[in-house]
1. If you check every pair at least six apart or on different chains, which have Cβ atoms under 6 Å apart with a residue in region 135-152 that is closer than 21 Å to Asp83 by Cβ and hydroxyl-bearing (Ser, Thr, Tyr) first and a residue that is assigned to a helix (DSSP H, G or I) and open to solvent by 50 Å² or more (accessible area, probe 1.4 Å) second?
2. In this structure, does Ala131 turn out to be open to solvent by less than 50 Å² (accessible area, probe 1.4 Å), free of Cβ contacts under 8 Å to residues at least 60 places away in the same chain and under 22 Å from Phe56 (Cα atoms)?
Amino acid sequence: MTEESIETGYLDGKLLVAMPTMSDPRFERAVILLCAHSESGAMGILLNKTLDALSFAELLEQLDIPEVGDASQIKVHFGGPVDTERGFVVHSTDLLHETTLVIGEDMALTATIDMLKSIAKGTGPDNSFLALGYAGWGPGQLEQEIQQNGWLVVSSDRDIVFGAALDQKWQAAVTKLGVDPALLSGDIGHA
């Protein structure tokens, strides 16, 4: 999280973890890396849902990008329901482009084809994944959803973002809070 985010109370770089009572099936047990948060709204990428209908190799072929490495190992994630034709690469900060948005100290987001080309050549960042679409909130919407116990806010963790198996990310994020997921309910914070 940037110094500015700490001072303003914005949640850039944090993880949003869906509460078990999340009513929107697109976000059931979702873990979202919050990439940008300001008075204008928020934008994040889901970390634990893949798109089975499209492989990375197929995407490279559609974009006419030659594949040098083994693209079959790279999964294409469902980044969220907004702008699902647009691709985003969440990655470590060892490779940055001019348009890269740095999220905290060790993660970044790039939405250019140049990053895909770097990954396809095997010269991409050490850690990365591709997502199509993103999760978005209008002004004040995310804050309201958090107050209504729709989301838990967790400190970002490289192991959760890049390492944990997709089906274990939600559990890992909740456990990071020191909470037993079985004890979570939509009534937390209400008297």
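1. The qualifying pairs do not exist here.
2. It is false that Ala131 is open to solvent by less than 50 Å² (accessible area, probe 1.4 Å), free of Cβ contacts under 8 Å to residues at least 60 places away in the same chain and under 22 Å from Phe56 (Cα atoms).
Per-residue answers, yes or no, for (1) open to solvent by less than 50 Å² (accessible area, probe 1.4 Å); (2) more than 22 Å from Glu58 (Cβ to Cβ); (3) touching a Leu at 6+ places or on another chain (Cβ under 9 Å):
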site	(1), (2), (3)
Phe88	yes, no, yes
Leu95	yes, yes, no
Thr99	no, yes, no
Gly104	yes, yes, no
Ala108	yes, yes, yes
Gly124	yes, no, yes
Ile146	yes, yes, yes
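The values are calculated or read from the model by the stated rules, or taken from the named source; none is laboratory data. Keep in mind it's a predicted model, so treat the numbers as computed, not measured. Cβ sites come from the backbone with ideal geometry, for glycine too, and all protein chains shown count toward neighbours. The accessibility values were calculated without ligands, DNA or RNA, using every heavy atom of the protein model including side chains. Shrake-Rupley method; radii C 1.70, N 1.55, O 1.52, S 1.80 Å.
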